[in-house]
1. Have a look at B:Ala103, B:Ala88, B:Ala82 and point out the one that is without any contact (Cβ under 8 Å) to a residue 24 or more places away in the chain, touching a helix residue (DSSP H, G or I) at 6+ places or on another chain (Cβ under 9 Å) and of a type in the set (A, V, I, L, M, F, W, C).
2. Output the residues belonging to region A:153-184 that are in a strand (DSSP E or B) and surrounded by fewer than 23 Cβ atoms within 10 Å (Cβ to Cβ).
3. Just to be sure, is A:Val236 under 26 Å from B:Gly57 (Cβ atoms) and open to solvent by less than 60 Å² (accessible area, probe 1.4 Å)?
4. Among the residues of region B:8-49, write down those that are under 16 Å from the mean Cα position of the chain (by Cα) and either within 11 Å of another protein chain (Cβ to nearest Cβ) or among the basic types (Lys, Arg) (or both).
5. Which residues, counting only those in region A:36-58, are within 7 Å of chain B (Cβ to nearest Cβ) and either open to solvent by less than 10 Å² (accessible area, probe 1.4 Å) or in contact with a strand residue (DSSP E or B) (Cβ under 6 Å, 6 or more places away or on another chain) (or both)?
6. Would you mind finding the one in A:Gly113, A:Gly134 that is closer than 21 Å to A:Phe258 by Cβ and open to solvent by less than 50 Å² (accessible area, probe 1.4 Å)?
7. Just to check your reading of the model, which residue among A:Phe253, A:Phe265, A:Phe258 is outside the structural domain of A:Phe97 (by TED's automatic domain parsing) and open to solvent by 60 Å² or more (accessible area, probe 1.4 Å)?
8. If you check B:Gly192 against the conditions, is it at positive phi and more than 16 Å from ligand 2 (Cβ to nearest atom)?
Amino acid sequence: MRTPSSKNRRLLQGNEAIVEGALTAGCRFFAGYPITPASEISEMLSVRLPQVNGTFIQMEDEIASMGAVIGASLAGIKSMTATSGPGFSLLQENLGFACIAEVPCVVVDVMRGGPSTGLPTNPSQGDVMQARWGTHGDHPIIVLAVSTVLDCFDITVQAFNLSEAYRVPVIILSDEMVAHTRETVALPPVDRVEIIDRVSPSMPSEWYVPYEGNSRGVPTMAAFGEGYRHHVTGLVHDVRGFPTQRADEIQAFISRLFQKITQGFYEIQITKSFMMDDAEVAVIAYGSVARSARRAMSDAREQGIKAGLLQLITLFPFPRRSVESVLRQCRAVLVPEMNMGQISREVKRVNHFACQVEKYNRIDGELIRPDEISGKLAKL
Amino acid sequence: MTKEVTKLIHKYLRHDKKFPHVWCPGCGNGIVLGALIRAIDRLGLEKDEIVLASGIGCSGRMPVYVDFNTLHTTHGRALTFATGIKLAKPSLTVITLMGDGDATAIGGNHFIHAARRNLDLTAIIINNQIYGMTGGQHSPTTPYGCYATTATYGHIEHAFSIAELAVTAGAAFVARGTVYHARLLDELIEAGIRKPGFSVVEAMSNCHVQFGRRNQIEDPVTMMKWLRDHAVATEKARKMKPDALEDKFTIGVLADLEKPIYTDEYQKVRDRAKSLARQ
Ligand SMILES: Cc1ncc(C[n+]2csc(CCOP(=O)(O)OP(=O)(O)O)c2C)c(N)n1
Ligand code: SF4
């Protein structure tokens, strides 16, 4: 447990806490394009990054922002962009490049109502499946969801750590509600936060094989300009990084991309349980809805219902081990979401038990209130 | 001469696994590659200091053959990646290589903004007036009235002049050469890399396979002759009447200006930010 010292207590907005998390994690490059409700992240980093010898640049669109983020990461700098639905759609092409070329970076999507320009100032959870499958082709990806201001800090640090450890882009899903809520939080001192950096090669450059797997399936990563000249491409490549059409090399490459995530599953799967020990019914929720769900759960407990909550922080790879144990234990589970049921479908997919899975959805740009969830819980 | 060429090949090309290359025999891309290597050699740059980033297309395949830090990005986006690299490590010499479709259709927005922004990057654009890799569809530089696989009845759109576009967008250095005028191309690329700020070198090239074949100029030699006969040196063009230049294009340096460089300016931003934070 963290002991909040008054010195570190600050009144922060979700977007601001993401900025603090990114800077603490070592992010020194940000490229973005203005969009509500994510713009504060750009604005604040335009002030903060130059103070720490970092770089902020406003690009001509989100495609360009993502390209610049990848470029900076290839040159050895931890980098990030932040956007919302319309921009998230645009950057998907280059996000795929980061997947195939294994370039660590963090993408924040502050979700607002969609499709298209949609509801710029209302919260939504409509981009969950886009975060999973938005870029084309079969690929693994890590998606984390934040629900409180403190989460915004912690999860942003985790996002950078996971992206560096696994050489993958990591997506943080926030939403308008989390982004603009102000809370007093106690941020940990910088030296108490665990920071992970990508592993760089140490062998002589002629021995360096840029995409050679190892026991973790994560190749070491040389930055451009450090003597390990190599080729980086969005084409499927062999261990040397050169394009290949050989079936055996293609198979080995794509398999390794998945395998490194599968192997690290238990480290990547982040969930939080509340009052699950004796729970008979449970809520599975994420993002700002998880916050309403916590309140709903204690209200339900007061009414004598043995309710618990599983908050998903990792959405993908889908944290099936934690979800399965809830499904095994409980009579019924409720999955409230501000979309038509994108995660409830995942919950149903792993439900091989006698558990009743119910969804509850709002798509009207309003946050799901605690009383709506507790009302539903009472009927399960 | 042959010995010189062999020396350069050994010094700069990646021999392992990468040859034969993907280009058609007689393609102008090879001449641009040669010019780039000669320019780099003359500049005496270390291979470790150079990043060559390309987009997608026949031209985009170039980086894989050379022994630099090489990057083959997405279609049209080479300049965005290059921007990130240059900002992260300003000491690197960052060169991008694009096709005409790559740079001015899908990547057109990035191109004009890179020119406006003025990072110290060099953009080499191979203009073969067609989409080579995807099979001869029209590009933003396909001339009016020409034929392409998506302009079977004759092209009804009007072409961009890439170098002029770069001048208007504010590039610090703009030049145009051709694969026929190979020595001039060497010099222009060398000058482009040497110039601090955003430099554009447009290399008019031949794609006899996808462009020539559909426009009754099926062999590379005839296309080269066409380049020879339609190119006018910029100095000479200044003295010519506009109608004499009607079906011609200029070669040489079109713009060479002094503009503040982004990374230098950003260093000032950092200094200001730090001194304000201390107050
Ligand atoms: C987003 C996207 N759209 C389309 C393509 C298909 N594509 C590949 S190369 C190319 C055009 C290449 O033409 P150009 O840039 O002129 O280069 P060249 O092949 O002539 O060198 C296209 C349209 C792609 N790779 N990505
Ligand atoms: S299709 Fe055209 S541009 Fe492509 S390699 Fe062949 S000749 Fe060159």
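The values are calculated or read from the model by the stated rules, or taken from the named source; none is laboratory data. Only a predicted model underlies this, so the values are computations on that prediction, with no experimental measurement involved. All Cβ positions, even for glycine, are placed from backbone atoms using ideal geometry, and neighbour counts span all protein chains on display. Only protein heavy atoms, including side chains, enter the accessible area calculation; ligands, DNA and RNA are left aside. Shrake-Rupley method; radii C 1.70, N 1.55, O 1.52, S 1.80 Å.
1. Details: B:Ala103 fails: without any contact (Cβ under 8 Å) to a residue 24 or more places away in the chain; B:Ala82 fails: without any contact (Cβ under 8 Å) to a residue 24 or more places away in the chain.
So the residue among B:Ala103, B:Ala88, B:Ala82 that is without any contact (Cβ under 8 Å) to a residue 24 or more places away in the chain, touching a helix residue (DSSP H, G or I) at 6+ places or on another chain (Cβ under 9 Å) and of a type in the set (A, V, I, L, M, F, W, C) is B:Ala88.
2. Applying the first criterion (in a strand (DSSP E or B)) to region A:153-184 yields A:169-175, A:182-184.
Residues satisfying the conditions are A:Arg182, A:Glu183, A:Thr184.
3. Numbers: under 26 Å from B:Gly57 (Cβ atoms): yes; open to solvent by less than 60 Å² (accessible area, probe 1.4 Å): yes.
In short, yes.
4. So the first thing to find is which residues in region B:8-49 are under 16 Å from the mean Cα position of the chain (by Cα), and the list is B:27-40.
Matches in region B:8-49: B:Arg38 only.
5. A:Pro50, A:Thr55, A:Ile57, listed by residue number.
6. Being closer than 21 Å to A:Phe258 by Cβ and open to solvent by less than 50 Å² (accessible area, probe 1.4 Å) holds for just one of A:Gly113, A:Gly134, which is A:Gly134.
7. Working: A:Phe253 fails: open to solvent by 60 Å² or more (accessible area, probe 1.4 Å); A:Phe265 fails: open to solvent by 60 Å² or more (accessible area, probe 1.4 Å).
From the options A:Phe253, A:Phe265, A:Phe258, the qualifying one is A:Phe258.
8. Against the criterion (at positive phi and more than 16 Å from ligand 2 (Cβ to nearest atom)), B:Gly192 does not qualify.
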